[in-house]
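Enquirer: Below you'll find the structure I mean.
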Amino acid sequence: MDRPFRLLLCFFTLWATQVSAFDQAPFDVPQNKVLLTMQPTPDNSRNSEGSFATLLSGRIIFCYSAYYGGKGDDHDPARIAQIHSDDQGLTWSAPKTIVENEGRYNVMSVSLLRSASGKLHMVYLVKNSWLDCRPYLRTSADDGATWSAPKLILQAPGYFVVNNDRLIQTAKGRLILPVAFHRSRGQDPLSSRSFDARATALWITSDDDGKTWQESANWWAMPVRSGSGLQEPGLVENTDGSLWSWARTDAGFQYGFVSNDGGKVWSAPVPTTLASPVSPASIKRIPGSAELLAVFNDHSGRVPFPKGKRSPLVAAISKDGGSTWGAPKILEGDPDGWYCYTAIHFVGDDVLLAYCAGDSAKKTYLNVLRVRRTSLAWLRSE
């Protein structure tokens, strides 16, 4: 056997091994089941990022971006729709619109939170142009039956991005929202050339249940040369009261920040151990424990991954506040899959996950929404 042929055979064997690893990945087990997949239709071009909440009745609601025009691109028309489940997520209702399109382009990227006051808060983006995208807040005092008029959270003009399922309340009652600010490169509000993809991270807080908001004392830009900056940040509170935040980057890792004063001042961003493409990570603390659950696209090499794509989607648990992570469990492993913008909601001993689940080969990318229920015991197992 000549050397070129041996090299070709080795390459094919490696490729086949990786494909086989995807095919045999344990993401189709009873403890990790898909409950709902919402495909795009001609009059509903995209169903994507959203957030869960459990009502006092036990009903679970999920609010998400429902696009009704164009191809479902980020600046195409969209409303906020809601589905509900009365059986812990096993089956879901037909969707209904709860927020009409209030922007020149769309409304999108929902976060739901029941605050200590008992009220439900809904934060979402109103996108008017390539120069104007800001978060708004609605509140429900009747468990989601009706919602208040929208209230602008950030008064300053500009393009501010808040991912779905990002609003948190600390043990001391402070609401905190992580934000990415994008500068303008031009003055034409209708031109994408006016948008600067390089984001700066900041955090806004409220100590009066969302009536007023304050910016963090410092904002952070990416400390190394970058085309992405610090995009789509998230945050979580650890059991010691410290706050850990992270942001997606094009440097091969999520970058992290720490605050020890409730979100006023943040440490400089540094690479975390979460290796990923330019794709957001979702992290929440498992109730009643110090463990953090992360759902992200693992590109560390621990599992096979296709470069430049948002696959595989894995879940991993940290027992040390995000410094290190246990062995990942593969949730989705299609090499052409486009898995991202995960909402995390704990239900008893399980967790509901809702995320974009399109296909890069079919060019459906963010247009498909999937809901999955996964056992915490399975995620913790070796």
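Enquirer: Determine the pairs where a residue that is in contact (Cβ under 8 Å) with a residue 24 or more places away in the chain and within 17 Å of Thr249 (Cβ to Cβ), located within region 193-204, has a partner that is crowded, with 17+ Cβ neighbours inside 10 Å and acidic (Asp, Glu) with Cβ atoms under 6 Å apart, the partner being 6 or more residues away or on another chain.
Expert: none
Enquirer: I'm told Thr273 meets every condition in (1) in a strand (DSSP E or B); (2) within 25 Å of Pro157 (Cβ to Cβ) except one. Can you identify the failing condition by its number?
Expert: Unmet condition: (2).
Enquirer: Okay, moving on. Of all residues being β-branched (Val, Ile, Thr) and under 23 Å from the mean Cα position of the chain (by Cα) in region 144-202, which is nearest to Asn218 (Cα to Cα)? Just the residue, please.
Expert: Among those residues, the one meeting the criterion is Thr200.
Enquirer: So for region 72-89 (the condition being within 25 Å of Asp350 (Cβ to Cβ), touching a His at 6+ places or on another chain (Cβ under 8 Å), at pLDDT 95 or above and not in a loop (DSSP other than H, G, I, E, B)), does at least one residue qualify?
Expert: no
Enquirer: So which of Ile204, Ile283 is surrounded by fewer than 20 Cβ atoms within 10 Å (Cβ to Cβ) and either at positive phi or part of a strand (DSSP E or B) (or both)?
Expert: Criteria check complete, one pass: Ile204.
Enquirer: Taking interchain pairs and intrachain pairs at least six residues apart, which have beta carbon atoms under 7 angstrom, with the first residue in region 238-265 and on the phi < 0 side of the Ramachandran plot and the second of a type in the set (D, E, K, R) and at pLDDT 95 or above?
Expert: Here the result reads Leu243/Glu237; Ala247/Glu232; Arg248/Glu232; Gln254/Arg248, each pair linking region 238-265 to a residue that is of a type in the set (D, E, K, R) and at pLDDT 95 or above.
Enquirer: Further, regarding this structure: Which condition number in (1) of a type in the set (S, T, N, Q); (2) more than 18 Å from the chain's Cα centre (by Cα); (3) surrounded by fewer than 21 Cβ atoms within 10 Å (Cβ to Cβ) is the one that Ser85 fails?
Expert: Just one mismatch for Ser85, condition (3).
Enquirer: Of the conditions (1) modelled with pLDDT of 95 or more; (2) farther than 30 Å from Lys284 by Cβ, Phe62 clears all except one; give me its number.
Expert: Only one criterion in (1) modelled with pLDDT of 95 or more; (2) farther than 30 Å from Lys284 by Cβ is unmet by Phe62, namely (2).
Enquirer: Tell me, yes or no, whether region 105-121 has at least one residue that is more than 23 Å from Leu235 (Cα to Cα) and touching a Phe, Trp or Tyr at 6+ places or on another chain (Cβ under 8 Å).
Expert: Looking through region 105-121, at least one residue is more than 23 Å from Leu235 (Cα to Cα) and touching a Phe, Trp or Tyr at 6+ places or on another chain (Cβ under 8 Å).
Enquirer: Out of Ser323, Ser311, I need the residue that is crowded, with 23+ Cβ neighbours inside 10 Å and part of a loop (DSSP other than H, G, I, E, B). Which one?
Expert: Ser311 is the lone residue from the list that is crowded, with 23+ Cβ neighbours inside 10 Å and part of a loop (DSSP other than H, G, I, E, B).
Enquirer: While we're here: Against the conditions (1) basic (Lys, Arg); (2) surrounded by fewer than 18 Cβ atoms within 10 Å (Cβ to Cβ); (3) touching a Phe, Trp or Tyr at 6+ places or on another chain (Cβ under 8 Å), where does Arg134 fall short? Just the number, please.
Expert: Result: Arg134 passes all but (2).
Enquirer: Here's a follow-up. Please give the number of the condition Arg185 fails out of (1) free of Cβ contacts under 8 Å to residues at least 40 places away in the same chain; (2) touching a helix residue (DSSP H, G or I) at 6+ places or on another chain (Cβ under 9 Å); (3) surrounded by 17 or more Cβ atoms within 10 Å (Cβ to Cβ).
Expert: Evaluating Arg185 over (1) free of Cβ contacts under 8 Å to residues at least 40 places away in the same chain; (2) touching a helix residue (DSSP H, G or I) at 6+ places or on another chain (Cβ under 9 Å); (3) surrounded by 17 or more Cβ atoms within 10 Å (Cβ to Cβ) leaves (3) as the failure.
Enquirer: Report, by residue number, each residue of region 46-82 that is buried (at least 23 other Cβ atoms within 10 Å of the Cβ) and of a type in the set (Lys, Arg).
Expert: Arg46
Enquirer: Output the residues belonging to region 210-236 that are in a loop (DSSP other than H, G, I, E, B), surrounded by 13 or more Cβ atoms within 10 Å (Cβ to Cβ) and small (Gly, Ala, Ser).
Expert: Within region 210-236, Gly210, Ser216, Ala217, Ala221, Ser226, Ser228 meet the criteria.
Enquirer: How many residues are touching a strand residue (DSSP E or B) at 6+ places or on another chain (Cβ under 6 Å) and either free of Cβ contacts under 8 Å to residues at least 24 places away in the same chain or aromatic (Phe, Trp, Tyr) (or both) when one looks only at region 345-367?
Expert: 3
Enquirer: Continuing with the same structure: Checking Trp338 against (1) within 21 Å of Asn238 (Cβ to Cβ); (2) hydrophobic (A, V, I, L, M, F, W, C); (3) in contact with a Gly (Cβ under 6 Å, 6 or more places away or on another chain): exactly one of these is not met. Which one?
Expert: Only one criterion in (1) within 21 Å of Asn238 (Cβ to Cβ); (2) hydrophobic (A, V, I, L, M, F, W, C); (3) in contact with a Gly (Cβ under 6 Å, 6 or more places away or on another chain) is unmet by Trp338, namely (1).
The values are calculated or read from the model by the stated rules, or taken from the named source; none is laboratory data. Please read all numbers here as calculations on a predicted model, not as lab measurements. Here the Cβ is made from the backbone with ideal geometry for all residues, glycine too, and neighbour counts use every protein chain on show.
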